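One structure is given here, and the rest of the page talks about it.
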Amino acid sequence: MAYPMENQKGRYFGIFWIIFNSGAFIGGLLTLCGLNYSTVNVSFVALTILSGILSLLLINPATVVRGDGTRVTTKTKFQLHHEIRQIPHAFLHRKLLLLVPLFFYSNWFYSYRFRNFNNELFSVRTHAFNAMFYWASQMLGSLTFGQFLDNPLFTRPKRALLGLLFLTVFYTTTWAGCIILELSRSSIVAQGGIDIVDNNYIGSLVLLLLCGISDAMIQTWCYWILGAITNNAMILSRFSGFYKCIQSAGTAISWYIPLLHVSPMLLVIINCSLFLGSIPFAYLAAKGISKANHIPVHTDDP
């Protein structure tokens, strides 16, 4: 959110999301290769070690200069007491408070996607295919949507509102598809789940791909809107921490609800309700985004 110029933030997040989800994509691919558990574990350990080594190559953010000549940050030292004083300012920011419902929902859908959708409605051997396609669609969706959010044909406030509109329409459509599929749950489960060779797999796969794209869109929009509030690296780090805090709380609750023996159809309705209920608040947050394309950073805190 802080490294790119404001007209590149959507694209940069799309690239990040591709890298971020490549691990899950590779995991599904390794499963399809028929590797045993020991080999898969060794592969993941090797990737973990490699990623740790690569992280040591990161340079100090204070030395990073954007394409327009501005520095990412001027701060070089971390002061705990200063951060403690600044956290309340970040958490009480009006736009962040308006985005809390959407933040809370932003990972809620995963419990249904993986538990009730993929694991229960598809055969065992189809799970890995679905996982690979799902994460691939997330990568594609994030990069494409991120490019739209950077489109210079529209002002930034209009892009924020249009992005939210596209997200709402796309998301509502995919959940409508899930409702239709849930109506056939009994017959699908009775036949052992949808298999990759079944005639109805293509339609289900399309729905899965749409789910992946829409799920990536919500992450992209949330991070992009945070990046549109400020270019300040220190403030954005607090914003992202606030976002992940609220998001994780919602995720924890979403995985607990199925343990209460809630029907899958009701889970879909809960997902739809939480998402649609968050949109009016997200609209108010997006409506207040400034039109400026470039805001210089002189200090690290207001």
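Some notes on this structure:
- Residues that are within 24 Å of the chain's Cα centre (by Cα), β-branched (Val, Ile, Thr) and closer than 18 Å to Phe114 by Cα, drawn from segment 169-183: Thr174, Ile179
- Scope segment 92-110; condition part of a helix (DSSP H, G or I) and within 14 Å of the chain's Cα centre (by Cα); matching residues: Leu102, Phe103, Phe104, Tyr105, Tyr110
- Enumeration of residues in segment 90-122 that are over 16 Å from Ala282 (Cβ atoms), of a type in the set (A, V, I, L, M) and free of Cβ contacts under 8 Å to residues at least 24 places away in the same chain: Leu92
- Single condition Leu260 does not satisfy, out of (1) surrounded by 14 or more Cβ atoms within 10 Å (Cβ to Cβ); (2) over 24 Å from Thr172 (Cα atoms): (1)
- Residue count for segment 220-242, restricted to those that are surrounded by fewer than 20 Cβ atoms within 10 Å (Cβ to Cβ) and under 13 Å from the mean Cα position of the chain (by Cα): 1
- Ile253 being among the β-branched types (Val, Ile, Thr) and either under 30 Å from Glu83 (Cβ atoms) or crowded, with 21+ Cβ neighbours inside 10 Å (or both): yes
- Neighbours by Cβ (under 8 Å, 6+ apart or cross-chain): first from segment 10-21, within 21 Å of Arg156 (Cα to Cα); second aromatic (Phe, Trp, Tyr) and in a helix (DSSP H, G or I): Gly10/Phe145; Gly10/Phe148; Gly10/Trp224; Phe13/Tyr223; Phe13/Trp224; Gly14/Phe145
- Filtered residue count, segment 81-112, keeping only those that are of a type in the set (A, V, I, L, M) and either under 30 Å from His261 (Cβ atoms) or surrounded by 16 or more Cβ atoms within 10 Å (Cβ to Cβ) (or both): 6
- Identity of the residue in segment 122-150, over 20 Å from the mean Cα position of the chain (by Cα) and of a type in the set (S, T, N, Q), that ends up surrounded by the fewest Cβ atoms within 10 Å (Cβ to Cβ): Ser123
- Check on Ser214, farther than 23 Å from Leu274 by Cα, modelled with pLDDT of 90 or more and within 25 Å of the chain's Cα centre (by Cα): no
- Filter pass, Phe129 being assigned to a helix (DSSP H, G or I) and either closer than 29 Å to Ile246 by Cα or of a type in the set (Lys, Arg) (or both): no
- Conditions (1) closer than 27 Å to Asn60 by Cα; (2) in contact with a helix residue (DSSP H, G or I) (Cβ under 9 Å, 6 or more places away or on another chain); number of the one not met by Asn232: (2)
- Among residues of segment 190-201 that are touching a residue at least 24 places away in the same chain (Cβ under 8 Å), those with a Cβ under 8 angstrom from a residue that is among the acidic types (Asp, Glu) and surrounded by 12 or more Cβ atoms within 10 Å (Cβ to Cβ), sequence gap 6+ or separate chain, pair up as Gly193/Glu120; Tyr201/Asp195.
- Test for Thr155: is it at pLDDT 90 or above and either surrounded by fewer than 19 Cβ atoms within 10 Å (Cβ to Cβ) or of a type in the set (A, V, I, L, M) (or both): no
The values are calculated or read from the model by the stated rules, or taken from the named source; none is laboratory data. Computed from a predicted model, the values in this text were never measured in an experiment. Ideal geometry is used to build each Cβ from the backbone, glycine not excepted, and the neighbour counts take in all protein chains shown.
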